[in-house]
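Let me begin by presenting the structure, written as structure tokens, before commenting on it.
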Amino acid sequence: MSIELLSPAGNLEKLRLAFSYGADAAYMGLSDFSLRKNAKNFTQADWQEVAQLKQATGKRLYCTMNMLFDEHSLARLKEQLPIIKTWPFDAFIISDLGLVPILQDAFGDSVELHLSTQASCTNSSSASMYRKLGFSRVILGRETPLEDIRRIKDANPGLELEVFVHGAMCMAYSGRCLLSSHLAGRSANQGDCSHTCRWNYQLMGSEALQSVLASGGLALQEEQRTGVYYPIAEQDGYTTILSSKDLCMIDHLAELKESGVDSLKIEGRMKSSYYVAVVTRAYRKALDADPDWLSYREDLFNISHREYSTGFFFGHGNIDPVMGESIDKSTSQGYIREYLFCGFIGKPVAENTYALDLKNQVRTGMRLEYIGSDEVKIEDEHFVLLNEQFEPIEQADHGKVQFLKTDKDIAEGYIIRRETMVK
């Protein structure tokens, strides 16, 4: 089969965008069992719309159940299996092997199981073992280089391999992090990561500090927790309580295909709808070798992101093939944002006039841009904003009935954005 593009769906809106902007499949979580606890996720109230969307598009849908289950959550899963069986899932993404017999008993031995990256599968022997247990796909740990992916595929030709190609990377091995639990009391392995590794830390080393550190040396202080010190030890020139860069492999899809990868996964169920649309669109155009794919690629630098890198795909060296620069894998600059997502163009209500579904304020005189699944961008500085009575207004806000009149060739569902300051 052709290589699959797999996008995140943190809620119904993001699922629609993932499919309409080019994803072949989407992964989503149910509210009680998702490893992205703070994503809106899906409830039974969404079932009908999800089923209709899947039927209309014919695209694949994967249920993410990759949290680590304790006895209470396992019992809750068993209670809810009759409801889960009504959802139109094509596969289940799991890391807890205790779910294998439970799902096989509920759905039959032919149930499609995908091994989560949380299981840290990074070699051919492990991949073979998981296949024997009933997994048809392994989502490899982010630490797996391309040369090892090729070896794993050669040793397991009938096993599908999936890798993350874009988005946040964790400072822990395959995401199995205890830092959030230790510093914030929120377990990453139960879907409640506080992204502690991305907090802002100050290096402390004054004489006054030495009195609170039994072993002396240095410590980190987080900006919102003054007076609370985290002792650190340096090894090989680096410390560990620091944030990673973001992953971006859009320039290396040919190498990924050559390695035997079957599915390219975009991280980000907790990211914005705008992120899902822009990133999915860019990778779709690149995979399809669209003549304008570089223009869509440019938008990857216009979403909120950390400095990009290629992670561990090319080994552990210090040259980044995306940016062509030396990189330090243990540190990163802060988030970069060049556009503000404003909302969506709604249904047409009159000639050249559309309803607005706004997330952020729009004002007359701004330079707006409209983007679609096959439209790089359309600039507009001469739009007119209208209130519910179709009277001109100076600004439009979230949650109100408002309209936009423009002579630009746009359509329902287009995304509205505007430039903003770079942090």
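The values are calculated or read from the model by the stated rules, or taken from the named source; none is laboratory data. All figures in this text were calculated on a predicted structure; none of them were measured in a lab. Note that each Cβ is placed from the backbone with ideal geometry, even for glycine, and that neighbours are counted across all protein chains shown. Side chains included, ligands, DNA and RNA excluded: accessible areas come from the protein's heavy atoms. Shrake-Rupley method; radii C 1.70, N 1.55, O 1.52, S 1.80 Å.
Structure notes:
- Contour excess over end-to-end distance, with Cα ends at Glu388 and Ser136 and 0.36 nm allotted per residue: 85.4 nm
- Probing with 1.4 Å while keeping every protein chain in the model, the per residue accessible area of the range 54-122 equals 43 Å².
- Under the simplified labelling scheme, the Gln55-Glu71 pair shows an inter-label distance of 4.3 nm, with each label point 7 Å from Cα along Cα→Cβ.
- Using a probe of 1.4 Å on the protein chains alone, the accessible area found for Asp290 is around 40 Å².
- On the beta carbon distance between Glu338 and Asp105, with R0 = 35 Å, the FRET formula returns roughly 0.10.
- Distance between the modelled labels on Val376 and Thr226, one decimal in nanometres: 4.8 nm (7 Å Cα→Cβ projection).
- Label point distance in nm, Glu298-Glu143, each placed 7 Å from Cα along Cα→Cβ: 4.0
- Ligands, DNA and RNA left out, the 1.4 Å accessible surface of the range 67-149 is 50% carbon and sulfur atoms.
- Estimated at the nearest 10 Å², the accessible area of Leu340 is 40 Å² with a 1.4 Å probe.
- Most to least accessible of Trp293, Trp47 (protein chains only, probe 1.4 Å): Trp47, Trp293
- Rounded to the nearest 10 Å², the accessible area of Met366 at probe 1.4 Å: 30
- Rounded FRET efficiency, nearest 0.05, which uses the C-beta distance separating Glu79 from Asp397 and R0 of 45 Å: 0.60
- Shape call, the range 340-423: gyration tensor on alpha carbons, a/c limit 1.5: oblate
- Neighbourhood charge, 12 Å Cβ-Cβ cut-off, centred on Ala155 and excluding it, Lys, Arg +1 and Asp, Glu -1: +2
- Tensor-based shape of the range 45-103 (alpha-carbon gyration tensor, a/c under 1.5 rounded, otherwise prolate or oblate): prolate
- Cβ-defined net charge surrounding His398, 11 Å radius [Lys, Arg +1; Asp, Glu -1]: 0
- Ordered from largest to smallest accessible area (heavy atoms of protein chains, 1.4 Å probe), the residues Leu203, Leu146 come out as Leu203, Leu146.
- Cα shape, the range 1-116, gyration tensor, a/c 1.5 rule: prolate
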